[in-house]
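Single-structure report; data block below.
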Amino acid sequence: MSKEIIYPVPQKLLQDPKPYINNFDDYKTLWQESISDPSQFFAKAAKEHLYWNRPFETTMSGDFKDGNIAWFLEGELNACYNCVDRHAITTPDKVAIIHEGDDPKDTRKITYNELLLQVCRMANVLKTLDICKGDKVIIYMPMIPETMIAMLACARIGAVHSVVFAGFSADSLRDRIVDCGARVVITADEGKRGGRFVATKRIVDEALEIGQDTDIVERVVVCKHTGSDINMVEHRDIWWHEALDQARPFCPVVPVNSEDPLFLLYTSGSTGTPKGVVHTTGGYLLGAAMTVKYVFDYHPEDIYACMADLGWITGHTYITYGPLCLGATTILFESTPTYPTPSRFWELVDKHKVTQFYTAPTAIRALKRLGDEWVDACDLSSLRVIGSVGEPINAEAWQWYYEKVGRGQCAVVDTYWQTETGSIIISPLPGATPTKPGSATFPFFGIEPVILEPTTGEVLQGNAVTGVLAIAKPWPSMARTVYNNHHRFMETYLKPYPGYYFTGDGATRDEDGYIYINGRVDDVINVSGHRLSTAEIESALILHLDVAEAAVIAGHDELTGQCIHAFCTLKPLVGVEPEQLIKSLILQVRKTIGPFAKPKAIYIVQDLPKTRSGKILRRMLRKIVNNESDQIGDTSTMADEGIIHHLINAVKEAT
Ligand code: WTA
């Protein structure tokens with residue numbers, strides 16, 4: 001891999017504004033300091049980047065063995081104060097949020113002072129609904145400023161938000177509401193994406209109708225966005241605008257301990273039920289702020305644009321908390337990359353003179369395929385740093401991004417991280433790191449990555465090694481636990497390789513020490529940067545009355561990176577047309593999880609490949625789907641070798 005071209009830091013970047021870190025040696029020195037004395041390094045950083053109501057005395061404690069990690073222990077702070085108030089005092093008229101609506105003509109700008117007033121009002125509304133410190137609030141909303149206002153209002157009073165991506169179905173929403181025991185749900189009448197409406201309020205209603213466990217929800221606050229007719233449930237639903245009109249526009253902040261939770265975010269793992277990943281306040285906020293500053297080389301005049309959805313971790317850290325903590329202007333984009341035309345992203349950059357632009361490889365690949373004219377038509381000269389996140393970026397997409405979007409003058413930052421890591425952990429720094437297409441390059445401050453031999457757990461020293469990726473030391477923004485299930489936290493992340501945090505990803509360190517992420521080694525599928533568990537999709541499929549067994553695996557897809565392939569066996573005497581059945585199975589998955597979990601292919605087969613002890617050989621299905629049937633390897637442990645050719649034929653017939 002080291003034979004690949006190395007791209008030096010573009011000259012334009014080294015000029016004005018001067019990057020915080022402008023050569024590789026400085027990066028290495030700082031990184032070394034952060035690893036050899038993390039307490040000193042992060043104590044200084046935490047004082048520099050955050051406002052503390054009460055200073056911390058102990059910078060860090062705990063370890064991976066006991067899973068009792070804590071940062072800035074005695075410190076008290078408030079995330080909302082750090083993200084809003086302090087900037088409303090120093091730069092009240094600076095724009096905090098630019099909302100770029102679904103229709104390109106709908107742009108709304110909110111200054112820090114306006115944001116503070118809205119957040120205070122909303123915080124007071126939550127208080128009237130009896131929401132106090134530690135209470136959970138579910139947010140199921142489209143990409144509008146009110147979503148950020150709701151998040152910040154929770155943070156202001158110490159309540160814990162859990163934003164649920166508005167692409168999740170009523171069933172998934174219900175599971176999350178029940179798991180965290182939320183008494184209040186905040187939603188909007190409808191969302192809008194690419195000219196289409198998303199019935200957020202209706203989905204909330206449905207979620208609350210399923211079973212009795214949702215009786216805990218006392219109130220639903222509804223923001224009017226599209227203005228269409230919706231059902232309001234008496235004594236339960238209240239309008240956002242009416243409630244805010246009544247509320248006082250000042251609300252004192254509730255300082256919380258650094259280790260008090262800021263939010264829960266549900267994410268898919270290897271087993272069926274999603275886990276509520278818990279992020280705490282001080283460490284998370286520091287990670288968010290420092291990575292926006294150093295990985296995106298953010299300067300005060302910049303216009304920062306992250307295209308992710310607020311329902312995922314990227315939206316939390318790189319639309320809301322990171323940029324606002326630094327007092328930045330952050331763009332909130334409601335639409336899609338191709339609406340109304342494939343120039344939409346680039347028109348947005350041109351219109352707002354965006355300096356940092358952050359998106360996912362899937363979007364880059366889709367836009368590349370649609371032709372250069374869409375990007376060539378726009379003036380992108382304001383850009384300095386362009387980022388990629390969520391899945392491995394292939395070299396061709398990287399080069400197109402670098403040449404066409406960045407005009408060879410921007411730093412491409414391929415940022416590797418996870419919901420659990422809180423903020424970026426491996427990435428180039430714009431002014432310092434020479435890049436290689438497809439490599440996330442080197443660790444961020446405080447991150448000590450190791451590559452382990454998967455079966456023995458032995459640390460693979462030196463360069464030119466491949467294995468699984470783990471992290472050797474705790475860092476401030478890492479998740480602390482899984483909500484109500486610390487056992488699962490330990491089992492998933494800290495037990496597999498004792499003494500290390502296990503990422504679940506495979507990685508290579510090449511001859512020059514550059515890190516390449518090779519994708520998940522567990523049962524997580526990454527479709528367009530959306531994380532899904534095979535077990536979750538299998539559970540959805542077997543809910544269908546005709547299905548006996550299901551096995552879900554990841555196929556390769558040029559556009560979405562990975563895609564979902566499902567093999568199902570049927571219960572005896574099922575007489576439905578296969579085509580009809582496949583349609584209803586797809587519907588079943590959409591209904592149980594959400595539209596984004598739709599399988600690309602479903603194969604109805606007579607049997608699944610199994611070992612003699614009954615374990616499904618998913619590895620074999622993976623080979624068959626990805627045209628590697630000739631490499632199936634040893635089949636001697638199989639219960640019935642004869643079924644292989646049936647499976648190969650089933651896949652061939654379907655394609
Ligand atoms: C994958 C998203 C390669 C990885 C922030 C990880 C990546 C999972 C990259 C986390 C990257 C994220 N290169 N793979 N730059 N960034 N991933 O929790 O498999 O939604 O484990 O967080 O996305 O997904 P999550």
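The values are calculated or read from the model by the stated rules, or taken from the named source; none is laboratory data. Since the structure is predicted, the reported quantities are computational estimates derived from the model, not experimental observations. Please note: Cβ atoms are built from the backbone with ideal geometry, for glycine as well, and neighbour counts cover all protein chains shown. Heads up: the accessible areas ignore ligands, DNA and RNA and are worked out on the full protein's heavy atoms, side chains in. Shrake-Rupley method; radii C 1.70, N 1.55, O 1.52, S 1.80 Å.
Anything in the range 246-286 that is out of contact with any strand residue (DSSP E or B) (no Cβ under 7 Å at 6 or more places or on another chain), of a type outside the set (D, E, K, R) and under 17 Å from Leu152 (Cα atoms)? List them, or say none.
Ala247, Pro249, Phe250, Cys251, Pro252, Val253, Val254, Leu285, Leu286
Hey, does the range 625-644 have a residue that's β-branched (Val, Ile, Thr), closer than 30 Å to Ala166 by Cβ, out of contact with any strand residue (DSSP E or B) (no Cβ under 8 Å at 6 or more places or on another chain) and in a helix (DSSP H, G or I)?
No, that holds for no residue.
Go through (1) out of contact with any strand residue (DSSP E or B) (no Cβ under 8 Å at 6 or more places or on another chain); (2) under 20 Å from Asp522 (Cα atoms); (3) open to solvent by 40 Å² or more (accessible area, probe 1.4 Å) for Arg622 and report which single condition fails.
Arg622 satisfies all of (1) out of contact with any strand residue (DSSP E or B) (no Cβ under 8 Å at 6 or more places or on another chain); (2) under 20 Å from Asp522 (Cα atoms); (3) open to solvent by 40 Å² or more (accessible area, probe 1.4 Å) except (1).
Being among the hydroxyl-bearing types (Ser, Thr, Tyr) and either open to solvent by less than 20 Å² (accessible area, probe 1.4 Å) or within 14 Å of the ligand (Cβ to nearest atom) (or both) is the filter; apply it to the range 342-386 and report the residue that is nearest to Ile98 (Cα to Cα).
Selected residue: Thr355.
Give just the number: which of (1) part of a strand (DSSP E or B); (2) touching a Phe, Trp or Tyr at 6+ places or on another chain (Cβ under 9 Å); (3) open to solvent by 40 Å² or more (accessible area, probe 1.4 Å); (4) not small (Gly, Ala, Ser) does Asp179 not satisfy?
(1)
Can Ala411 be described as at pLDDT 95 or above, within 16 Å of the ligand (Cβ to nearest atom) and touching a Leu at 6+ places or on another chain (Cβ under 9 Å)?
yes
Would you call Val389 at pLDDT 95 or above and either over 24 Å from Pro337 (Cα atoms) or within 16 Å of the ligand (Cβ to nearest atom) (or both)?
In short, yes.
Filter the range 531-558 down to the residues that are within 12 Å of the ligand (Cβ to nearest atom) and surrounded by fewer than 22 Cβ atoms within 10 Å (Cβ to Cβ) and list them by number.
Arg531 - this is the single residue of the range 531-558 that is within 12 Å of the ligand (Cβ to nearest atom) and surrounded by fewer than 22 Cβ atoms within 10 Å (Cβ to Cβ).
Here is a yes/no grid of residues against (1) more than 26 Å from Asn518 (Cα to Cα); (2) out of contact with any Leu (no Cβ under 6 Å at 6 or more places or on another chain):
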{"site": "Val552", "(1), (2)": "no, yes"}
{"site": "Gly561", "(1), (2)": "no, yes"}
{"site": "Val576", "(1), (2)": "yes, yes"}
{"site": "Pro595", "(1), (2)": "yes, yes"}
{"site": "Tyr603", "(1), (2)": "yes, yes"}
{"site": "Ile616", "(1), (2)": "no, no"}
{"site": "Glu628", "(1), (2)": "no, yes"}
{"site": "Thr637", "(1), (2)": "yes, yes"}
{"site": "Glu653", "(1), (2)": "yes, yes"}
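Checking the condition away from the ligand (no atom under 14 Å from the Cβ) and either open to solvent by 20 Å² or more (accessible area, probe 1.4 Å) or among the β-branched types (Val, Ile, Thr) (or both), which residue from Thr455, Thr441, Thr435 passes?
Values: Thr441 fails: away from the ligand (no atom under 14 Å from the Cβ); Thr435 fails: away from the ligand (no atom under 14 Å from the Cβ).
It is Thr455.
I'd like the full set of residues that are touching a residue at least 24 places away in the same chain (Cβ under 8 Å) and open to solvent by 60 Å² or more (accessible area, probe 1.4 Å), limited to the range 625-655.
Listed by number, the residues that qualify are Thr637, Ala639, Asp640, His646, Ala654, Thr655.
Which of the residues spanning the range 576-610 are among the small types (Gly, Ala, Ser) and part of a loop (DSSP other than H, G, I, E, B)? Spell out how you get there, then give the answer.
As a first pass, look at the range 576-610 and keep what is among the small types (Gly, Ala, Ser): 584, 594, 597, 601.
The one that is among the small types (Gly, Ala, Ser) and part of a loop (DSSP other than H, G, I, E, B): Gly594.
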